[in-house]
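The values are calculated or read from the model by the stated rules, or taken from the named source; none is laboratory data. Worth saying up front: this structure is predicted, and the values here are computed from it rather than measured. Heads up, the Cβs are rebuilt from the backbone with ideal geometry, glycines too, and the neighbour counts pull from every protein chain shown. Heads up: the accessible areas ignore ligands, DNA and RNA and are worked out on the full protein's heavy atoms, side chains in. Shrake-Rupley method; radii C 1.70, N 1.55, O 1.52, S 1.80 Å.
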Amino acid sequence: MTTLTFQQLMDYLNELYPPHLAEDWDQVGLHFGDPSAPVQRILTTLDIRDAVVDEAIAQGVDTIIAHHPILFHGIKRFNLSDPQTQVYAKLIKHDIKVFAMHTNHDIQWNGMNDWLSEELGLENIRALERPEDEDNPGLGRIGELPKPLSRDALLNLLKTTYHRTQLPVIEMTPKESYQRIALIGGAGSSYAHLAATLKADVYLTGDITYHAAQACEQLPLMTVDVGHYTEVIFAKKIAALLNDTATAQQWDIEATPTTININPFKYE
């Protein structure tokens, strides 16, 4: 078995999900840790919350791979009475390395939006937005269900997939059937118009504000706020990818998805 350094792990992940694909405002890559340090036990997660760090400490994890970057802004005061700063301190104290893949993972093939599309069983999956750069796959995905669904059947599929009893639905005029689905994981309400232009029957995204919903209501499609937490699929999928690669390459690493429910919303 080959011992892997943090740098080697980062190089591998950067090759799969190139950091140059990330949006300019994004903070992907190394957040904590020594690149030369060895990696053995990895925890994968959507977000790095206090409970996730406690889980990592309890499991003897040395590296966390996250979708959402933990550091977006500079730290001016390392005040340990602040709960978020306490999380940083735990990571440093327990020598836990942190690496994040965010919008580069959203955009790249076999990334977040492909995984969300596959989870719904979509076929003929392609980019929702095609950039001028041919090396950039583009943001979002659009594809078709294997067969058209009635409105009730479609909503049942979404509720089953996302473990919800209710969903916020925006639609002025219901259709007879629904088959073409566009989606962007996370917050993507500004792309609803593009989805409508591409003749999508349904557009799925999260974090839709009140006024954005009013704009979506004027479009000839159903828009559903499925929430940001749909991206939790990242933890299991990236852990499986790392473990499969470790087996093939004889790397001495083991990746485990977090068991912590970090969704701040409770549906009652």
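For the stretch 87-107, give me each residue that is assigned to a helix (DSSP H, G or I), open to solvent by 80 Å² or more (accessible area, probe 1.4 Å) and either among the small types (G, A, S) or touching a residue at least 24 places away in the same chain (Cβ under 8 Å) (or both). Show your work before the answer.
Residues of the stretch 87-107 assigned to a helix (DSSP H, G or I): 87-93, 103-107.
Retained after the next criterion (residues that are open to solvent by 80 Å² or more (accessible area, probe 1.4 Å)): 92-93.
Across the stretch 87-107, the qualifying residue is only I92.
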Quiz item: Does H211 satisfy the criteria of being modelled with pLDDT of 95 or more, within 22 Å of the chain's Cα centre (by Cα), of a type outside the set (K, R) and part of a helix (DSSP H, G or I)?
Solution: no
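Given the residues K159, K175, K147, which is the only one that is closer than 19 Å to W115 by Cα and charged (D, E, K, R)?
Numbers: K175 fails: closer than 19 Å to W115 by Cα; K147 fails: closer than 19 Å to W115 by Cα.
Result of the check over K159, K175, K147: K159.
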Practice problem: Output yes when any residue across the stretch 171-190 is under 24 Å from G138 (Cβ atoms), in contact (Cβ under 8 Å) with a residue 12 or more places away in the chain and assigned to a helix (DSSP H, G or I), and no when none is. | Solution: yes
Exercise. Could you please give the count of residues in the stretch 122-157 that are touching a residue at least 24 places away in the same chain (Cβ under 8 Å) and assigned to a loop (DSSP other than H, G, I, E, B)?
Key: 9
Quiz item: For residues in the stretch 191-207 being open to solvent by less than 60 Å² (accessible area, probe 1.4 Å), of a type outside the set (F, W, Y) and outside any loop (DSSP other than H, G, I, E, B), which is farthest from L158 (Cα to Cα)?
Solution: L194
Exercise. Within the stretch 124-140, work out how many residues are closer than 12 Å to I181 by Cα and surrounded by fewer than 13 Cβ atoms within 10 Å (Cβ to Cβ).
Key: 1
Quiz item: Is the stretch 218-229 home to any residue that is at pLDDT 95 or above, open to solvent by 20 Å² or more (accessible area, probe 1.4 Å), touching an Asp or Glu at 6+ places or on another chain (Cβ under 9 Å) and part of a strand (DSSP E or B)?
Solution: yes
Quiz item: So L30 fits all but one of (1) more than 23 Å from the chain's Cα centre (by Cα); (2) open to solvent by 70 Å² or more (accessible area, probe 1.4 Å); what number is the exception?
Solution: (1)
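Can you tell me how many residues within the stretch 36-50 are touching a strand residue (DSSP E or B) at 6+ places or on another chain (Cβ under 8 Å) and open to solvent by 10 Å² or more (accessible area, probe 1.4 Å)?
If we filter the stretch 36-50 for residues that are touching a strand residue (DSSP E or B) at 6+ places or on another chain (Cβ under 8 Å), which is where we start, we get 36-48.
Add one more test, that the residue is open to solvent by 10 Å² or more (accessible area, probe 1.4 Å), and what stays is 36-38, 40-41, 47-48.
Residues in the stretch 36-50 being touching a strand residue (DSSP E or B) at 6+ places or on another chain (Cβ under 8 Å) and open to solvent by 10 Å² or more (accessible area, probe 1.4 Å): 7 in total.
Quick one: is E144 modelled with pLDDT of 95 or more and surrounded by fewer than 22 Cβ atoms within 10 Å (Cβ to Cβ)?
Numbers: modelled with pLDDT of 95 or more: yes; surrounded by fewer than 22 Cβ atoms within 10 Å (Cβ to Cβ): yes.
The answer is yes for E144.
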Quiz item: Going by the conditions given, is N110 out of contact with any strand residue (DSSP E or B) (no Cβ under 8 Å at 6 or more places or on another chain), over 30 Å from A58 (Cβ atoms), open to solvent by 10 Å² or more (accessible area, probe 1.4 Å) and outside any loop (DSSP other than H, G, I, E, B)?
Solution: no
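If only one of Y267, Y210 is of a type in the set (S, T, Y), open to solvent by 60 Å² or more (accessible area, probe 1.4 Å) and touching a Ser or Thr at 6+ places or on another chain (Cβ under 7 Å), which one is it? Even if it seems obvious, please write down each step before you answer.
Details: Y210 fails: touching a Ser or Thr at 6+ places or on another chain (Cβ under 7 Å).
Just a single option satisfies the conditions, and that option is Y267.
Can we say A187 is in contact with a Pro (Cβ under 7 Å, 6 or more places away or on another chain), among the hydrophobic types (A, V, I, L, M, F, W, C) and either within 30 Å of L9 (Cα to Cα) or surrounded by fewer than 18 Cβ atoms within 10 Å (Cβ to Cβ) (or both)? Steps first, answer last, please.
Values: in contact with a Pro (Cβ under 7 Å, 6 or more places away or on another chain): no; among the hydrophobic types (A, V, I, L, M, F, W, C): yes; either within 30 Å of L9 (Cα to Cα) or surrounded by fewer than 18 Cβ atoms within 10 Å (Cβ to Cβ) (or both): yes.
No, not satisfied.
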